[in-house]
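Trainee: Below: one structure in structure tokens.
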Amino acid sequence: MAAVRFEGVRKTFGKVAAVDGVNLEVTDGEFVVLLGPSGCGKTTLLRCLAGLERLDEGRGFIGGRDVTELPPRARKLAMVFQSYAVFPHMRVFDNIAFGLRMQKVKKPVIAERVDACAQLLHIEDLLDRYPAQLSGGQRQRVAVARALAPKADVLLMDEPLSNLDALLRLEMRAELKALLQHLDLTAIYVTHDQVEALSMGDRIAVMNAGRIVQVGTPLVVYDDPADTFVGGFIGSPPMNFLQAEVSLDAGSPVVQVSGGRFRLTAGRADPLAPRKLVLGIRAEAIEVEGDPGEDLVAATVLVVEPLGSHNLLTVRAGSDVLKVSTPADFFPRPDSEVWLRIVPDRIRWLDRETGKAVSP
Amino acid sequence: MSRGRHRVLPRALLYVAAVLLALWVLAPIYFITIGAFSTSEAVYGYPKQLIPRDVSTETLSFFLHSAGVVDSLKTSVYVAGITIVLALGIGTPAGYALARFAFRAGDAFRLTVVATRAFPIVILSIPLAVMFIRWGLDDTVLGVAIVHTALALPFVVLVTSSVFAGISLELEEAAMTLGCNRAQAVRRIVLPLALPGLAAAAIFTFVVSWNEVFAASILTLQNRTLPAQVLAALDQSSLPYRFAGGFVLLAPSLLVILVIRKYLFNMWGRVVT
């Protein structure tokens with residue numbers, strides 16, 4: 001176990017900066033997820049940490065040691081690759097034992113440690129098999145066991161679940177999280193799947209275009225995105241963004257959106273008024289009413305998608321199209337009128353020019 | 001499927017051409033093989049039998065007992081052996097570099113490697129012979145092996161680079177995160193996985209050396225390889241000798257091509273990493 005720290009990391013390929021001045025601190029025993037769309041530099045950042053890429057600028061520290069110039073083998077870390085990278089010419093046992101053998105650990109200790117890791121991943125019956133005789137999910141388990149066996153300080157994972165089918169991914173996600181909690185490992189996990197990030201990480205570092213845009217706990221990143229990119233990338237459906245104008249009407253703030261206007265009951269918007277802003281609101285933070293009323297915004301139903309636990313409505317309010325979730329028993333007809341109550345406490349205010357959050 | 005009907009005629013022509021081409025290659029091979037496995041009467045007999053009546057090793061054993069044949073066979077094996085060691089020793093690292101590292105003018109280098117084969121050995125042979133005589137390499141096994149290495153090297157480089165390109169870089173990187181340096185990762189992970197492909201390259205090198213006749217003929221007098229020996233003896237030898245000699249030269253190559261063809265196709269499939 002060890003803390004990990006990055007300072008001003010920069011890595012370019014040709015003229016393209018894959019990682020552009022990243023600072024990141026991961027505390028001892030923490031599980032941090034690097035989340036971002038493909039091509040945002042998250043895998044490159046992980047490979048920089050692993051020592052598989054040389055840094056162009058900046059420094060990296062693992063457990064207080066400066067590892068910037070160290071080769072991968074001297075960094076005391078383990079890595080799980082997207083393709084698993086299980087050695088095809090070795091049995092499962094030899095795969096898991098590989099790191100220990102390189103450390104010249106004594107044979108009985110290796111056998112013990114391999115067994116322990118195999119049991120953690122429930123692959124103790126597969127030790128004599130070759131990788132070609134395993135399913136994708138089993139290979140994945142071998143890859144994780146192999147990374148755990150040498151007891152590295154830090155565990156790096158590069159989209160480890162992305163090659164599994166949906167059901168297996170769901171199962172493995174929970175299992176992996178439980179395993180890492182149990183082992184109390186410092187772990188850095190790369191994914192483009194925001195559900196995976198929200199469900200697994202202690203903290204999420206959202207990346208875009210080579211930079212870290214926001215670091216925070218899953219709830220903070222979900223509820224209070226730092227900018228429109230984070231709000232639009234995290235959550236399914238993504239956050240709704242409406243062009244809005246806050247003004248003062250007889251001393252109390254009023255929000256004007258293209259579909260209508262409503263009063264802000266809470267005092268939160270006072271410092272904002274009067275101002276043109278972007279109103280960010282999650283689908284579940286909008287209540288849908290069947291009848292008109294005060295402080296409701298009129299909208300037309302475009303699509304109703306029943307999802308079992310709730311219904312997802314696509315509605316048009318003025319010139320904006322929104323996603324709204326409603327209880328499973330609420331079934332408005334398409335083209336019918338509904339009225340939206342935008343819950344003031346859940347509004348995230350963002351700047352129109354920069355897209356960055358301005359919420360008080 | 002109306003488009004398919006329009007293509008029937010060209011397709012039939014294609015097949016006819018393919019059959020003719022195959023016959024062009026296969027017919028001589030067939031006759032040589034029949035000749036090598038029949039009695040000398042049958043070899044001299046006329047009209048030729050399309051299906052051999054009595055299979056016999058008489059012709060082959062006559063050939064193998066002819067003067068110089070066993071010695072030249074040995075020489076051929078030695079030359080091929082040294083060629084394999086040299087060509088793989090030099091070519092494998094080059095192939096690895098081509099597969100793993102993006103370097104400036106990598107593609108140009110690749111092309112140059114192939115282009116060296118376009119340079120006719122006939123033109124090279126005179127200066128080569130002069131140089132070898134100066135260095136005392138003429139009429140030696142090593143001298144022939146060096147020339148054969150030069151001939152086989154382009155193929156070895158390209159074949160091994162395709163073999164290495166087919167081995168995921170992540171395997172190597174995984175080994176490096178697990179405590180290997182680059183050399184250890186190559187030795188413990190890449191080489192074992194590349195072994196079948198390297199074996200194919202070795203066998204291919206063997207064929208190149210085994211069948212090469214020109215350089216071997218020019219550079220040797222006493223220590224002739226088998227093709228050089230057969231060529232030298234051709235105009236004074238009997239028909240059974242020629243058939244048997246032809247067969248002994250032919251058979252290993254055919255066998256080898258059969259075994260390694262999938263690697264040869266691979267080579268063009270993914271030259272670029």
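Trainee: Whole percent per 10 Å bin, from 0 to the bin with the longest distance: what is P(r) over all C-alpha pairs of the protein assembly as shown?
Mentor: For the protein assembly as shown, the pair-distance distribution reads 3, 12, 16, 15, 14, 13, 11, 7, 5, 3, 1, 0, 0.
Trainee: Right, here's the next one. Have a look at B:ARG134, B:ARG11, B:ARG110 and tell me which one the Gaussian network model of chain B (Cα, springs below 10 Å) gives the largest fluctuation.
Mentor: Sorting by GNM fluctuation, first place goes to B:ARG11.
Trainee: Can you compute the modelled spin-label distance between A:VAL109 and A:GLU124, with each label point 7 Å from Cα toward Cβ, in nm?
Mentor: If labels sit at A:VAL109 and A:GLU124, their model points lie 2.2 nm apart.
Trainee: Let me ask something else about it. Select from B:TYR30, B:TYR78, B:TYR241 the residue whose mean-square fluctuation is largest in a Gaussian network model of chain B (Cα-Cα springs shorter than 10 Å).
Mentor: Checking each option, the largest mean-square fluctuation is seen for B:TYR30.
Trainee: Under 10 Å, Cα contacts only: if you run a Gaussian network model on chain A, which one of A:SER319, A:SER236, A:SER309 comes out with the highest mean-square fluctuation?
Mentor: A:SER309
Trainee: Here's something else I'd like to know. Looking at the stretch A:1-106, which chymotrypsin sites (Phe, Trp or Tyr not before Pro) are DSSP coil and have at most 14 other C-beta atoms within 10 Å of their C-beta?
Mentor: none
Trainee: Continuing with the same structure: Grab the DSSP H runs of the protein assembly as shown that are 4 residues or longer, score each as -39,500 (n - 2.57), total them, divide by all residues and round the 222 nm result to the nearest 500 deg cm²/dmol.
Mentor: That comes out to -14500 deg cm²/dmol.
Trainee: Let me ask you something else. Report D for the stretch A:240-351 in µm² per second (integer): Stokes-Einstein, Kirkwood Rh on Cα pairs, 37 °C, 0.692 mPa s.
Mentor: It comes out at roughly 231 µm²/s.
Trainee: Let me ask something else. Could you work out, residue by residue across B:34-40, how many beta carbons of other chains sit within 10 Å of that residue's beta carbon, and then give the average as an integer?
Mentor: Taking all residues of B:34-40 together, the mean is 0.
Trainee: Let me ask another. From the cross-link list A:LYS107/A:LYS151; A:LYS177/A:LYS323; A:LYS42/A:LYS356; A:LYS323/A:LYS356, which pairs have alpha carbons spaced over 28 Å apart?
Mentor: A:LYS177/A:LYS323
Trainee: For B:182-190, what's the mean count of beta carbons from other chains sitting within 10 Å of each residue's beta carbon?
Mentor: The per-residue average across the peptide is 2.
Trainee: Here is a follow-up. Would you kindly state the longest site-free stretch of chain A, with sites defined as trypsin sites (Lys or Arg not before Pro) in a DSSP loop (not H, G, I, E, B) surrounded by at most 10 other Cβ atoms within 10 Å?
Mentor: A:107-360
Trainee: Based on Cα positions only, what radius of gyration and what Dmax would you give for the stretch A:91-161, in angstroms?
Mentor: Gyration radius and largest Cα-Cα distance of the stretch A:91-161: 11.5, 33 Å.
Trainee: Can you give me the Cα centroid spacing of the stretch B:133-150 and the stretch A:290-339 in angstrom?
Mentor: The two parts, judged by their Cα centres, are 87 Å apart.
Trainee: Nearest-5 percent of antiparallel DSSP beta bridges in the protein assembly as shown?
Mentor: In the protein assembly as shown, approximately 80 percent of DSSP beta bridges are antiparallel ones.
Trainee: Using just the Cα positions, wrap chain A in a convex hull and report its mean projected area in square nanometres, one decimal place.
Mentor: Seen from a random direction, the Cα hull of chain A projects 21.4 nm² on average.
Just so you know, all these numbers are worked out from the coordinates, no wet-lab data involved. Keep in mind that what you see is a predicted model, and the values were worked out from it rather than measured. Quick reminder, even Gly has a Cβ in these numbers, built from the backbone with ideal geometry, and neighbours come from all protein chains shown.
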